[in-house]
Every structure is written in C-alpha cells, then in structure tokens.
Amino acid sequence: MKLAVHGATGRMGLAVIRLAAAADDVQIVGGACAADDPLAGRDLGELSGIGALGVVASPDTAAALLGADVVIDFSLATAVASLVTSAARQGVAVVSGTTNLDAAATAALERAASSVPVLWAPNMSLGIEVLADLVTRAVRGLGSDYDVEIVELHHKKKVDAPSGTARRLADAARSARPDLAERHARSGNVGPRPESELGVLAVRGGDVVGDHTVFLLGNGERLELTHRATNRDLFAAGALRAARFVVGKPARRYALADVLG
Ligand SMILES: NC(=O)c1ccc[n+]([C@@H]2O[C@H](COP(=O)([O-])OP(=O)(O)OC[C@H]3O[C@@H](n4cnc5c(N)ncnc54)[C@H](OP(=O)(O)O)[C@@H]3O)[C@@H](O)[C@H]2O)c1
C-alpha cells in the first residue's frame with residue numbers, strides 16, 4: 001500500500017508515520033504539512049524519531065499525494081476540504097480522522113466519495129465503536145427516567161471542543177432517544193435540568209490522550225460507561241487498518257463499522 005499522510009508533522013501524523021514505517025506492507029510516498037509549517041522540508045522519519053525515511057514534509061498537497069493509493073489525514077478541520085478535493089482529482093482514497101468538520105468539509109467528503117473511497121471517523125479505536133453500541137442499548141433500555149451526560153478529557157493542546165468522539169457518543173444516545181438535545185455549557189441561573197437535555201462537558205489539561213464517560217443518571221442509581229485511550233498509537237493503528245480496508249474498494253462513503261465487519 002502506497003501511503004501519503006496529511007497533517008504529517010502533527011502528533012497523529014507522526015504516529016502514523018512511525019507505525020507505517022514499521023509495517024511490511026506499507027510504503028510512505030508523501031507527507032503534506034501546512035504552508036507556513038516551520039518543519040516543511042524536514043525528513044518525516046527523523047521527525048517521528050525513527051531515522052531518515054527519504055520523505056520530507058511538503059506544503060504542496062498535490063505533490064505529496066503523487067503515486068499514493070490512500071491518504072491518511074489528521075490535520076485541521078479547515079484543511080480537509082482542499083485535501084479531499086485534491087485526493088478525488090488524483091484518484092487517491094481518503095481516510096480522515098480530523099474532527100470538528102464544518103459543513104464545507106463534510107460536503108467535500110461527500111463529493112469526493114463519488115470518485116474515490118472515503119472513510120471518516122472521529123475516533124479510530126475499536127473500543128469506541130463498541131462503547132457507542134453499548135450507549136445506544138443502555139439509553140434505550142433505561143428510557144427517559146435516566147439523564148444522559150457526557151464528559152470528555154483531552155490534553156491541553158487540543159484545539160476543538162467538544163471532541164468528535166463525544167459528538168459520536170451523543171449521536172449514539174440520540175439514536176435511542178431522538179428527543180435529546182446537546183447542551184455544551186451551564187452557568188448562572190439555569191433552572192432545573194429538562195428531561196431532553198444531553199449535557200456534554202469538555203475538560204482540558206496535561207497530556208491526556210482521550211477519556212470519555214457517558215453517565216446515565218437515575219433515581220437511586222447511575223451507570224458510568226468509560227473509555228480511556230492511553231496511547232495515540234491506538235488511533236494511528238486504527239487509521240492504518242482503515243487505509244488497508246479502503247484501498248481497491250468502490251468509491252463511496254465508509255464507516256469504521258465497515259472495517260470491523
Ligand atoms: N479520529 C481519531 O481517532 C483521532 C485521534 C486523535 C486526534 N484526532 C484529530 O486529528 C486532528 C489532528 O490531531 P493532532 O493531535 O495530530 O493535532 P496536531 O498535532 O495539531 O496536528 C495537526 C497537524 O495538521 C497540520 N495542518 C494544519 N493545516 C494544514 C494544511 N492546510 N495542510 C496540511 N497540514 C495542516 C498542523 O500544522 P500546524 O501546526 O503548522 O498548523 C499540524 O501539524 C484533530 O482534529 C484531532 O481532533 C482524531
């Protein structure tokens with residue numbers, strides 16, 4: 001598999017490069033970075049701590065995609081639309097884990113999926129897929145007497161809130177109770193909690209890779225369903241698994257659930 005990485009100099013991009021370089025079936029052919037990235041031109045193997053790879057970080061996305069079967073993207077929401085447009089034009093499959101996408105990025109993913117396979121997932125871990133399924137079942141089983149709240153913790157450099165995974169879990173709760181509406185902050189005289197509220201709280205600090213707890217709060221008991229990621233290699237490995245899956249598949253949108261079968 002010939003792989004390009006977009007957001008190549010970021011925390012996730014470098015984790016993907018480190019894991020891909022160690023895989024027998026993957027050849028890294030390019031890495032794209034932001035136009036003003038001071039690391040542009042640097043060898044991506046050296047940046048990821050594994051020694052020179054002969055592939056440098058390039059601010060030219062089209063050049064970084066040349067010859068690739070698939071691009072793995074962990075970048076910035078505002079960079080996704082132009083990446084997927086280039087990938088579609090160049091016939092390169094897309095696996096994107098970038099979160100907090102706006103309408104333009106989401107529409108660009110849809111358009112690209114008419115010419116190449118496209119998989120976007122706000123969390124590339126198997127555990128979160130299983131947690132989302134558990135949340136749907138728990139919310140359905142407990143009904144509207146139980147209040148649903150989600151708390152997520154991430155490192156202090158994360159730029160978006162709430163996390164894409166928290167939104168994914170909120171969607172999982174809503175698929176059992178469509179009346180639930182997300183609420184992202186409480187302050188001042190907010191009054192009693194309405195039954196249809198689904199509170200989502202973002203905690204930021206330190207080097208936390210990513211924790212998510214879904215609370216189901218009833219009278220006299222509560223359930224707490226928690227996932228803790230302890231290493232971002234988890235997400236990089238999931239993205240590589242997704243990349244292997246999409247290469248050679250027909251052009252359309254795919255979800256992580258497709259990869260997991
Ligand atoms: N789906 C998952 O499982 C999962 C897991 C972890 C993280 N994420 C998400 O992945 C994204 C990246 O996370 P991270 O922790 O790796 O962040 P990060 O360290 O800030 O990396 C993002 C990288 O993208 C670069 N970038 C910005 N604009 C670009 C452009 N136009 N073209 C190419 N590269 C560009 C940034 O460069 P500059 O620093 O120069 O701006 C930075 O190097 C976030 O949205 C995060 O929420 C998803």
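The values are calculated or read from the model by the stated rules, or taken from the named source; none is laboratory data. Keep in mind the model is a prediction, meaning the values are calculated, not measured. FYI the Cβ positions are ideal-geometry reconstructions off the backbone, even for glycines, and counts take in every protein chain you see. Remember, those area values only see protein heavy atoms, side chains included, never the ligands or the DNA or RNA. Shrake-Rupley method; radii C 1.70, N 1.55, O 1.52, S 1.80 Å.
Is the shape of region 18-96 rounded, prolate or oblate, going by the alpha carbon gyration tensor and its root eigenvalues a ≥ b ≥ c, with a/c under 1.5 for rounded and a/b larger than b/c for prolate? Oblate, because a/c is 1.5 or more while a/b does not exceed b/c. Full extension of the chain between residue 102 and residue 82 yields a length gain of 5.9 nm, computed as 0.36 nm times the residue separation minus the alpha carbon distance. Each residue, residue 249 and residue 115, gets one label point 7 Å from its Cα in the Cβ direction; the gap between the two is 2.0 nm. Looking at the chain, the DSSP beta bridges with both ends there are about 35 percent antiparallel. The modelled label-to-label distance between residue 36 and residue 2, using points 7 Å beyond Cα along the C-beta direction, is 3.3 nm.
Between rounded, prolate and oblate, where does the chain land on the alpha carbon gyration tensor, with a ≥ b ≥ c its root eigenvalues, rounded for a/c under 1.5, else prolate if a/b exceeds b/c? Verdict is prolate for the chain.
Where a ≥ b ≥ c are the square roots of the eigenvalues of the C-alpha gyration tensor, would you call region 143-233 rounded, which needs a/c under 1.5, or, failing that, prolate if a/b is larger than b/c, or oblate? The shape class here is prolate. Note on the chain: with a GNM built from Cα contacts shorter than 10 Å, the maximum mean-square fluctuation among 38, 162, 59 falls on 38.
A straight chain from residue 233 to residue 137 at 0.36 nm per residue would run longer than the Cα-Cα distance by 31.7 nm. Positive end of the dipole of the chain (Cβ unit charges, origin at the Cα centre): among 150, 219, 6, the Cα lying farthest that way belongs to 6.
What does the charge count near residue 16 come to, summing +1 for each Lys or Arg and -1 for each Asp or Glu among other residues with Cβ under 11 Å from its Cβ? Residues close to residue 16 contribute a combined charge of +1. Residues in region 18-110 average 44 Å² of solvent-accessible surface per residue, probe 1.4 Å, ligands and nucleic acids excluded. Split the accessible area of region 96-164 by element, probe 1.4 Å, and carbon with sulfur accounts for 53%.
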